[in-house]
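**Student:** First, the structure itself, so that you have it in front of you.
Any read-out appearing in this document is the output of simple, stated calculations on the displayed coordinates, not a laboratory observation. None of these values were measured; they are calculated from a predicted model. Cβ: placed from backbone, ideal geometry, glycine included. Neighbour counts: every protein chain shown.
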Amino acid sequence: MNRDVQKFNAIYNQTELLSGENEDNLYTRVLTLFRDQNGAEFRHRDAWLFLKDKYKWTNPESTQARRTRGRVTGEDEPEMFGEDAIPRPSGAPRKSKSQRSSASSSATSGSSKNRLTEFFQEQIQLDREAKKESLDRELAARLAVVELQKRNEDLKILTFDTTGMNPEDAARIEALKEKARATYFNF
């Protein structure tokens with residue numbers, strides 16, 4: 001972020017306001033210049049707006065002066081350290097700090113990846129079981145509704161009046177009535 005804000009601020013300070021151009025138009029033009037030079041959008045507008053009028057950003061020499069304060073420059077600089085008293089042993093070169101930390105982090109990150117993978121697999125399994133239980137309950141409820149509707153349809157036959165009907169039709173309906181009574185009332 002610091003690097004991008006510094007680059008943007010440098011472009012902004014080098015760009016002159018054109019005749020008839022307001023601050024918003026200048027900002028838009030500098031955004032385009034920044035994108036063209038860096039190949040990426042400038043995403044730190046709030047930070048730049050906060051920093052652009054600060055003394056450090058308007059006077060870069062002030063920070064450079066602080067960095068060099070107390071230093072001896074030129075040929076008068078005394079040599080602080082001489083030759084190494086103990087030479088470095090021959091053999092494999094010493095690993096840099098980033099190589100050492102990446103080796104230890106890869107060992108720990110591998111185990112943390114495994115733990116994370118196991119955690120997600122357990123979570124997926126629990127989600128599947130919960131969904132299956134929910135679907136089973138929903139299916140049982142639907143089946144209960146269908147059974148109730150079927151029972152009501154079967155028992156509706158008991159309300160039919162067979163007087164004045166054709167004897168064959170009346171006999172069939174009476175048989176269905178007996179079947180319904182036997183099924184639902186155990187007679």
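**Student:** Suppose the chain between PHE160 and VAL145 were pulled fully straight at 0.36 nm per residue; how much longer would it get relative to their current alpha carbon spacing?
**Tutor:** Additional length available on full extension: 3.0 nm.
**Student:** Within 10 Å of each residue's Cβ, count the other Cβ atoms and sort PHE8, PHE160 from fewest upward.
**Tutor:** Sorted ascending by nearby Cβ count, the order is PHE160, PHE8.
**Student:** If we count other beta carbons within 10 Å of each Cβ, what is the order of VAL146, VAL30, fewest first? Please report the intermediate quantities before stating the final value.
**Tutor:** Details: VAL146 10, VAL30 19.
Lowest to highest Cβ neighbour count: VAL146, VAL30.
**Student:** Once you place label points 7 Å from the Cα toward the Cβ at ASP46 and MET1, how far apart are they in nm?
**Tutor:** Each label point lies 7 Å from its Cα, and together they span 0.9 nm.
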